[in-house]
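The structure appears below as C-alpha coordinates.
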Amino acid sequence: MIIQNGTIEFKTKTANGIDPETGYPIKPSSVAWGELIPCQFKAKKFNQLGIIKGGHFTVASYEILIEEQPVPSEQLRLKDLSGKEIGTFSIIQAEPLEAVCEVRILV
(Lines give C-alpha, C1' and ligand atoms only; values in the text may rest on other atoms or scores of the structure.)
Protein backbone atom coordinates (compact mmCIF):
# COMPACT_ATOMS: atom_id res chain seq x y z
CA MET A 1 0.00 0.00 0.00
CA ILE A 2 1.39 3.38 -0.98
CA ILE A 3 0.83 6.64 0.87
CA GLN A 4 -0.08 8.93 -2.04
CA ASN A 5 1.70 12.27 -2.24
CA GLY A 6 1.59 12.75 -6.00
CA THR A 7 0.75 11.36 -9.43
CA ILE A 8 2.64 10.26 -12.50
CA GLU A 9 1.75 10.08 -16.17
CA PHE A 10 3.61 7.92 -18.68
CA LYS A 11 4.59 9.46 -22.03
CA THR A 12 3.27 7.67 -25.11
CA LYS A 13 4.63 8.21 -28.61
CA THR A 14 3.20 7.22 -31.99
CA ALA A 15 5.90 5.63 -34.14
CA ASN A 16 6.41 6.64 -37.76
CA GLY A 17 8.52 3.65 -38.83
CA ILE A 18 12.02 3.49 -40.30
CA ASP A 19 13.50 5.82 -42.92
CA PRO A 20 14.32 3.48 -45.87
CA GLU A 21 17.29 5.61 -46.99
CA THR A 22 19.10 5.92 -43.67
CA GLY A 23 17.72 2.99 -41.70
CA TYR A 24 17.10 5.26 -38.67
CA PRO A 25 13.73 5.69 -36.94
CA ILE A 26 11.58 8.60 -38.08
CA LYS A 27 10.72 11.11 -35.33
CA PRO A 28 7.37 10.28 -33.65
CA SER A 29 4.43 12.17 -35.12
CA SER A 30 2.58 12.64 -31.85
CA VAL A 31 3.33 12.58 -28.15
CA ALA A 32 0.65 12.24 -25.46
CA TRP A 33 0.46 11.69 -21.72
CA GLY A 34 -1.36 8.72 -20.24
CA GLU A 35 -3.78 8.60 -17.31
CA LEU A 36 -2.90 9.90 -13.86
CA ILE A 37 -1.51 7.15 -11.63
CA PRO A 38 -1.34 7.68 -7.85
CA CYS A 39 2.19 7.44 -6.48
CA GLN A 40 4.40 8.00 -3.47
CA PHE A 41 7.65 9.81 -4.23
CA LYS A 42 10.68 11.05 -2.35
CA ALA A 43 13.81 12.86 -3.46
CA LYS A 44 16.94 10.70 -3.51
CA LYS A 45 19.14 13.68 -4.48
CA PHE A 46 18.15 17.32 -4.68
CA ASN A 47 20.70 20.08 -5.20
CA GLN A 48 19.98 23.64 -6.32
CA LEU A 49 23.57 24.84 -6.07
CA GLY A 50 24.52 24.31 -9.73
CA ILE A 51 25.67 27.49 -11.47
CA ILE A 52 26.31 28.03 -15.15
CA LYS A 53 27.00 31.25 -16.96
CA GLY A 54 23.77 33.19 -16.86
CA GLY A 55 21.84 31.16 -14.30
CA HIS A 56 21.34 28.29 -11.90
CA PHE A 57 20.17 24.72 -12.34
CA THR A 58 18.82 21.93 -10.15
CA VAL A 59 20.07 18.35 -9.98
CA ALA A 60 17.34 16.00 -8.76
CA SER A 61 16.57 12.29 -8.70
CA TYR A 62 13.49 10.64 -7.24
CA GLU A 63 12.30 7.25 -6.03
CA ILE A 64 8.65 6.64 -6.98
CA LEU A 65 6.40 3.85 -5.75
CA ILE A 66 3.24 2.81 -7.62
CA GLU A 67 0.84 -0.13 -7.32
CA GLU A 68 2.02 -3.15 -9.32
CA GLN A 69 1.46 -2.70 -13.06
CA PRO A 70 3.50 -2.71 -16.27
CA VAL A 71 5.69 0.33 -16.93
CA PRO A 72 4.75 1.14 -20.56
CA SER A 73 7.17 3.96 -21.29
CA GLU A 74 10.69 5.31 -20.90
CA GLN A 75 9.59 8.74 -19.66
CA LEU A 76 7.15 10.06 -17.09
CA ARG A 77 5.82 13.32 -15.69
CA LEU A 78 5.70 13.69 -11.90
CA LYS A 79 3.20 16.00 -10.15
CA ASP A 80 2.47 16.65 -6.48
CA LEU A 81 -1.05 16.37 -5.03
CA SER A 82 -1.85 20.02 -5.79
CA GLY A 83 -1.15 19.35 -9.49
CA LYS A 84 2.14 21.27 -9.61
CA GLU A 85 4.55 19.65 -12.04
CA ILE A 86 7.75 18.47 -10.33
CA GLY A 87 9.35 17.56 -13.64
CA THR A 88 9.56 15.29 -16.66
CA PHE A 89 12.08 12.49 -16.23
CA SER A 90 13.60 9.53 -18.04
CA ILE A 91 13.17 6.25 -16.20
CA ILE A 92 16.48 4.83 -15.00
CA GLN A 93 15.09 1.63 -13.49
CA ALA A 94 11.70 0.04 -12.84
CA GLU A 95 11.94 -2.68 -10.19
CA PRO A 96 8.96 -4.88 -9.27
CA LEU A 97 8.61 -5.35 -5.49
CA GLU A 98 6.65 -8.61 -5.50
CA ALA A 99 6.36 -8.95 -1.70
CA VAL A 100 4.32 -5.73 -1.45
CA CYS A 101 2.75 -5.69 -4.97
CA GLU A 102 4.41 -2.40 -5.92
CA VAL A 103 6.86 -1.10 -8.50
CA ARG A 104 9.80 1.14 -7.53
CA ILE A 105 10.78 3.55 -10.31
CA LEU A 106 14.07 5.45 -10.16
CA VAL A 107 14.31 8.68 -12.17
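The values are calculated or read from the model by the stated rules, or taken from the named source; none is laboratory data. These figures come from a predicted structure and were not determined experimentally. As a convention, Cβ positions derive from the backbone with ideal geometry for all residues, glycine included, and neighbour counts pool all protein chains shown. Side chains are part of the model used for accessible areas, which takes the heavy atoms of the whole protein and leaves out ligands, DNA and RNA. Shrake-Rupley method; radii C 1.70, N 1.55, O 1.52, S 1.80 Å.
For the reader, a short list of remarks on this structure follows.
- Amide H within-cut-off set for C39, under 5 Å, with H built and near neighbours excluded: N5, G6, T7, I8
- For the stretch 45-57, 3J(HN,Hα) computed residue by residue from phi via the Karplus equation (6.51, -1.76, 1.60; θ = phi - 60°) reads 9, 8, 9, 9, 8, x, 10, 10, 4, x, x, 10, 9 Hz, glycine and proline entered as x.
- Spatially close lysines, pair count over the chain: Cα under 15 Å, gap of eight or more or interchain: 4
- Per-atom-type breakdown for the chain gives carbon and sulfur 55% of the accessible area (1.4 Å probe, protein chains only).
- Stretchable slack from E98 to F57, in nm (0.36 nm times residue separation minus alpha-carbon distance): 11.1 nm
- Percent of alpha-carbon pairs separated by more than 18 Å within the stretch 2-58: 66 percent
- Under the Karplus curve 6.51 cos²θ - 1.76 cosθ + 1.60, θ = phi - 60°, whole-Hz ³J(HN,Hα) for the stretch 75-81, x wherever Gly or Pro sits: 9, 8, 10, 10, 10, 7, 5
- Here the mean projected area of the convex hull built on the C-alpha positions of the chain is 9.5 nm².
- A simple spin-label model places the labels of E85 and N16 2.2 nm from each other, with each point 7 Å out along Cα-to-Cβ.
- With protein chains left intact and a 1.4 Å probe, residues in the chain average 70 Å² of accessible area per residue.
- Less than 5 angstrom separates the built amide H of E102 from those of E68, L97, all sequence-distant by 5 or more or on a different chain.
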